[in-house]
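Participant: My structure is below; once you've seen it, I'll send some questions.
The values are calculated or read from the model by the stated rules, or taken from the named source; none is laboratory data. Computed from a predicted model, the values in this text were never measured in an experiment. In this analysis, Cβ positions are derived from the backbone assuming ideal geometry, glycine residues included, and neighbour counts consider all displayed protein chains. Keep in mind that these areas ignore ligands, DNA and RNA; they rest on the heavy atoms of the full protein, side chains included. Shrake-Rupley method; radii C 1.70, N 1.55, O 1.52, S 1.80 Å.
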Amino acid sequence: MIRTATPEDIPALHALVRELAAYEKALDEVVASEEQLRRALFGDRPAAYAHVATADDDNGEVIGFALWFLNFSTWRGVHGIYLEDLYVRPERRGGGHGKALLAELARICVERGYERLEWSVLDWNAPSIAFYESLGARPQDEWTVYRLTDGALASLGGGGTH
C-alpha cells in the first residue's frame, strides 16, 4: 500500500533514511534529526513531501519511502518532481513497493501537468539502475552533478555580494 506520509511516520522515515545511508556507505554523513524532517515535511512552509510504502499485513509497518520536492524547468516552463530518496527495506524488495512509489509520483506529475520526474542514482548501484531502466527511465549521462557543502558553501555564501 502506498500513502502520503503523516507526522506519525517521522520516526520510521528517519530510520529508513539512516538505512539508505548505510546502504550507500555514507551513514556518517546523516546529520538530519527527526525534528528537521518534521519541519521540512509538515512545517508552515513544507520544503519536501513524502510517500510511504506499508506492509501488506495487518500492522501496516512502513517498509519504504519516496521523499521528493518540486523542481522547475525553464525550458518546459513547468514544475517537475525531483526524487531525493527512494528506499525499500532489502527484505521487502521484489514485492512491487518501489515501483508503486514511483508510479504514485508519476501519477502526481501527470495529474498536475508536471513534465519531468528525475532522480540520481549511484554509478555502482547496478540493481537500482536495472530497475529504473526496466521502467523506461534513461540516464542523463551528458550531465554531471555538482554540489557545494560545508566550508565551500560557507565560503561562497559568506563572501558573495548581494
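Participant: Out of region 25-55, which residues are over 22 Å from ALA100 (Cβ atoms) and either polar (S, T, N, Q) or outside any helix (DSSP H, G or I) (or both)?
Facilitator: LYS25, ALA26, VAL30, VAL31, ALA32, SER33, GLN36, GLY43, ASP44, ARG45, PRO46, ALA47
Participant: Output the residues belonging to region 2-24 that are within 19 Å of LEU102 (Cα to Cα), assigned to a loop (DSSP other than H, G, I, E, B) and in contact (Cβ under 8 Å) with a residue 60 or more places away in the chain.
Facilitator: ALA5
Participant: Taking the stated definitions as given, is VAL52 within 20 Å of LEU135 (Cβ to Cβ), of a type in the set (Val, Ile, Thr), within 13 Å of the chain's Cα centre (by Cα) and open to solvent by less than 40 Å² (accessible area, probe 1.4 Å)?
Facilitator: yes
Participant: Show the residue pairs that are 6+ apart or on different chains and have beta-carbon atoms under 8 Å apart, the first residue being within region 123-141 and within 17 Å of ALA100 (Cα to Cα) and in contact (Cβ under 8 Å) with a residue 60 or more places away in the chain, the second being open to solvent by 80 Å² or more (accessible area, probe 1.4 Å) and among the charged types (D, E, K, R).
Facilitator: Here the result reads none, with nothing in region 123-141 linked to a residue that is open to solvent by 80 Å² or more (accessible area, probe 1.4 Å) and among the charged types (D, E, K, R).
Participant: While we're on this one: Quick check on this structure: which one of GLU111, GLU118, GLU133 is open to solvent by less than 100 Å² (accessible area, probe 1.4 Å) and assigned to a helix (DSSP H, G or I)?
Facilitator: Of the residues listed, the single one that is open to solvent by less than 100 Å² (accessible area, probe 1.4 Å) and assigned to a helix (DSSP H, G or I) is GLU133.
Participant: Which residue is nearest to the chain's Cα centre (by Cα), if the candidates are limited to region 32-49 and must be touching a residue at least 24 places away in the same chain (Cβ under 8 Å) and open to solvent by 30 Å² or more (accessible area, probe 1.4 Å)?
Facilitator: Per the stated criteria, the residue is TYR49.
Participant: Also, I was wondering about something else. Give me the residue from region 55-67 that is under 17 Å from VAL17 (Cα atoms), out of contact with any Asp or Glu (no Cβ under 8 Å at 6 or more places or on another chain) and of a type outside the set (A, V, I, L, M) and, out of that set, most open to solvent (accessible area, probe 1.4 Å).
Facilitator: The selected residue is GLU61.
Participant: Let me ask another. Based on what the data block shows, is LEU27 within 14 Å of the chain's Cα centre (by Cα), hydrophobic (A, V, I, L, M, F, W, C) and either modelled with pLDDT of 95 or more or surrounded by 17 or more Cβ atoms within 10 Å (Cβ to Cβ) (or both)?
Facilitator: no
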